[in-house]
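Novice: Just dropping this structure here.
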Amino acid sequence: MIADKFNSRTLAAMNAALDRACARVPDGEDHAVRKRAAKEIVRCASSGETALDALIAAGERGLAGRATATALLPRRSRRLALH
């Protein structure tokens, strides 16, 4: 479980980073979007980088890849890919 891997301060920073990164995209409340950002944040924290700015940047990187991949799809396919 993730709570067993990080101390409470790091977990709080990770949660804040997830909220901030997802707040910057229109569909940031969507579970799949948050999950993608969270994976990058966990990866970043697991590497020892636990500063809030670094965690936010990691979440944004996770979301940037999603935006690039779906931007090339036709509108209907884009909508389906995001859900």
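The values are calculated or read from the model by the stated rules, or taken from the named source; none is laboratory data. Note that the coordinates shown come from a computational prediction; the quantities given were computed from them, not determined experimentally. Positions of Cβ are generated from backbone atoms using ideal geometry, with glycine treated the same way; all protein chains shown enter the neighbour counts.
Novice: Could you list, in sequence order, all residues of region 35-52 that are surrounded by 13 or more Cβ atoms within 10 Å (Cβ to Cβ) and within 8 Å of the chain's Cα centre (by Cα)?
Specialist: R36, A37, A38, K39, E40, I41 - these are the residues of region 35-52 that are surrounded by 13 or more Cβ atoms within 10 Å (Cβ to Cβ) and within 8 Å of the chain's Cα centre (by Cα).
Novice: What are the residue pairs meeting all of these: first residue in region 22-34, first residue more than 17 Å from A57 (Cα to Cα), second residue of a type outside the set (V, I, T) and not in a loop (DSSP other than H, G, I, E, B), Cβ atoms under 8 Å, and 6 or more apart or on different chains?
Specialist: So the pair list comes out as D27/L82; E29/C22; D30/L82; A32/L82.
Novice: Taking A69, is it of a type in the set (G, A, S), in a helix (DSSP H, G or I) and at pLDDT below 95?
Specialist: Answer is yes for this residue.
Novice: Please verify whether S77 is surrounded by 11 or more Cβ atoms within 10 Å (Cβ to Cβ), of a type in the set (S, T, Y), at pLDDT 95 or above and out of contact with any Pro (no Cβ under 9 Å at 6 or more places or on another chain), treating the condition exactly as stated.
Specialist: no
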